[in-house]
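Since the structure comes first, as structure tokens, the remarks are kept for the end.
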């Protein structure tokens, strides 16, 4: 059999049913040589399923004493696989090319225990990882079919759009549990935050931070009993996933509030009968003063919390300053021009202008100012 059959398949499982045993039987019959099942604190009621799992000659069972979440189960399995099978480090990407001499596994494949992933699709991801050992492989479903539950289709499509804008990642299935993960990335993922379903979102974010390519493999879209057996709670766990993006929104919104308050304050102070100071319009002066202060605030939050830049602060600050000056000039000129044309209240004119510039600025910050250099 091809060497990629040696790649271990990781199956985190919480309170399983007969579908887990059916999947394990199919994986053994398919010739997959290493399967690692993680009992994520399912309790005595489900012990018989894991005892039957351990009876398969190609299967190991790891156990958590209590339920710690899918993210922690994956980290437990990553650690076990790296210690047991080693990793095939080679070139700068962290692994050699397909077919090269490997001293360990090129990575692993994760799959769900509820029967959504077929052995054929799992093998497709294993083969793709073997051919592309420097890439994260996603087994992606089609969400336009009639068999897809509405909550799954809507949730995935919304998250897909969020990923495209906030991260610049175009991923057709952001919540797939079928993933082939390179060994060097497994090591990095041991330190990534997230203990439950949000961990899989953080995994995708980390590919952006480390410039790891993402490749997609089309897989069958299987929903058994409309996915009722899934432990993914659409409200609670979606909230955890979207809270991952909260830091982006908090930084920008709080900076906008600071900027608007300061702008209003300076407009009040500088609006003289002559129209401004030093022969300059008071709106332009107010925009400049407010933006300088709010920009310092925004830079510090973005540098340390939001983008967690690894570049030297001086280099990042210089790039941010350039962007801030350009954004400030655009805001001042647009607000001054529109106010002269439309009249009204200065702040009311400034808000839509800054909302537009916010979206433009975020893209530049993401791709130019805070883009993290590859470090693997």
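Throughout, read-outs are computed from the coordinates displayed, never taken from laboratory work. Predicted model only: the values in this text are computed from it and were never measured. Cβ sites come from the backbone with ideal geometry, for glycine too, and all protein chains shown count toward neighbours.
Just order 9-16, 344-351 by mean Cβ neighbour count inside 10 Å, highest at the front, would you? Present the calculation step by step, with values, prior to reporting the outcome.
Working: 9-16: 23.6, 344-351: 16.0.
My ranking of the peptides, most packed first, is 9-16, 344-351.
What distance in nm separates the two pseudo spin-label positions at residue 187 and residue 257, each 7 Å out from Cα along the beta-carbon direction?
4.3
On a full-extension model of 0.36 nm per residue, what is the gain between residue 265 and residue 333, subtracting their alpha-carbon distance, rounded to one decimal in nm?
Extra length available between residue 265 and residue 333 comes to 22.6 nm.
Order these by the 10 Å Cβ neighbour count, fewest first: 45, 141. Provide the component values of the computation, followed by the final result.
Values: 45 8, 141 25.
Lowest count first: 45, 141.
For 282, 85, which order do you get if you count the other beta carbons within 10 Å of each Cβ and list the fewest first?
Final ranking by Cβ density, sparse to dense: 85, 282.
For the residue pair residue 164 and residue 202, what label-to-label distance in nm results when each label sits 7 Å from Cα along the Cα-to-beta-carbon direction?
For the pair residue 164/residue 202, the computed spacing is 2.7 nm.
Given a Förster radius of 30 Å and the C-beta distance between residue 305 and residue 144 as r, what FRET efficiency does 1/(1 + (r/R0)^6) yield to the nearest 0.05?
Rounded to the nearest 0.05, the efficiency is 0.20.
Place the peptides 179-189, 325-335 in order of packing, highest mean first, counting for every residue the other Cβ atoms within 10 Å and averaging per peptide.
Final packing ranking: 179-189, 325-335.
For a quick check: sort 59, 108 by the number of other beta carbons within 10 angstrom, fewest at the front.
59, 108
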